[in-house]
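These notes are about the structure you will find just below.
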Amino acid sequence: MTAQDGILNQFIEFSTIKFLKAVLQRAWRSIVGMRGNRKLQDVRRLKDLYRHAQRGLQVYLEGIDYPLMVSWFWFKPSQGKGKLRFVVYSHPYSGVYLVPLWCKWWAIEGFLQIPKPPSTSLDCTASVNPPS
C-alpha cells in the first residue's frame, strides 16, 4: 500500500467536504459524482441547475471555498428508466471527454457489485439528453 492509497482510504465517501479539500491541497484533479440534493452556497441545489444552467458552470458548494465545475448527464441502466447524474470536477474538462469517462466509471462500479440480480445489470449508455 502506498501513502497515496492510505490517504484515499481515510475517506468514506468521495463527495465529502473533507475529501474535496484534501484533493485540492494535493493539487490533484478530481471528478466526483454528487447527489442532486447537494447544496450550493447560494441556497440552490445541484438538481436546480438542470434545465436552468449550462454544463461546465462554476459553482461553490456549501462548505467549500473554491469553485468547482458541474455537469450532468442521463444514465440509462439496461432496464428501468434513466437517472439524472451530477458530476463535479476541479479541472475544466469538456463534456465530450467527461461523459464517456463517467460512463466507463459506472460500468466498472456495476461490475464490482457482482453478484447481483440480472435486473440490475448496467448497460454503459450515457447521454446528455433526457431519455425519450
**Asked** For region 34-41, does any single residue satisfy the condition of being modelled with pLDDT of 75 or more and in contact with an Asp or Glu (Cβ under 6 Å, 6 or more places away or on another chain)?
**Response** yes
**Request:** Give the residues of region 57-71 that are of a type in the set (A, V, I, L, M, F, W, C) and closer than 15 Å to Ser15 by Cα, sorted by residue number.
**Result:** Val59, Leu61, Ile64, Leu68, Met69, Val70
**Every pair of residues 6+ apart whose Cβ atoms lie under 6 Å, when the first sits in region 17-43 and is in contact (Cβ under 8 Å) with a residue 12 or more places away in the chain and at negative phi while the second is of a type in the set (D, E, K, R) and in a helix (DSSP H, G or I)** = Gly36/Lys47
**Request:** State which residue is farthest from Leu20 (Cα to Cα) when the search covers only region 63-105 and only residues that are basic (Lys, Arg) and loosely packed, with under 14 Cβ neighbours inside 10 Å.
**Result:** Lys81
**Prompt:** Quick one: is Tyr60 surrounded by 13 or more Cβ atoms within 10 Å (Cβ to Cβ), without any contact (Cβ under 8 Å) to a residue 24 or more places away in the chain and in contact with a Leu (Cβ under 7 Å, 6 or more places away or on another chain)?
**Reply:** yes
**Complete:** Exactly one of Arg55, Arg26, Arg51, Arg35 is loosely packed, with under 15 Cβ neighbours inside 10 Å and under 19 Å from Pro92 (Cβ atoms), and that residue is Arg26
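The values are calculated or read from the model by the stated rules, or taken from the named source; none is laboratory data. As the structure is a prediction and not an experimental result, all values here were calculated from the model. So basically every Cβ, Gly included, is an ideal-geometry build from the backbone, and we count neighbours across all protein chains shown.
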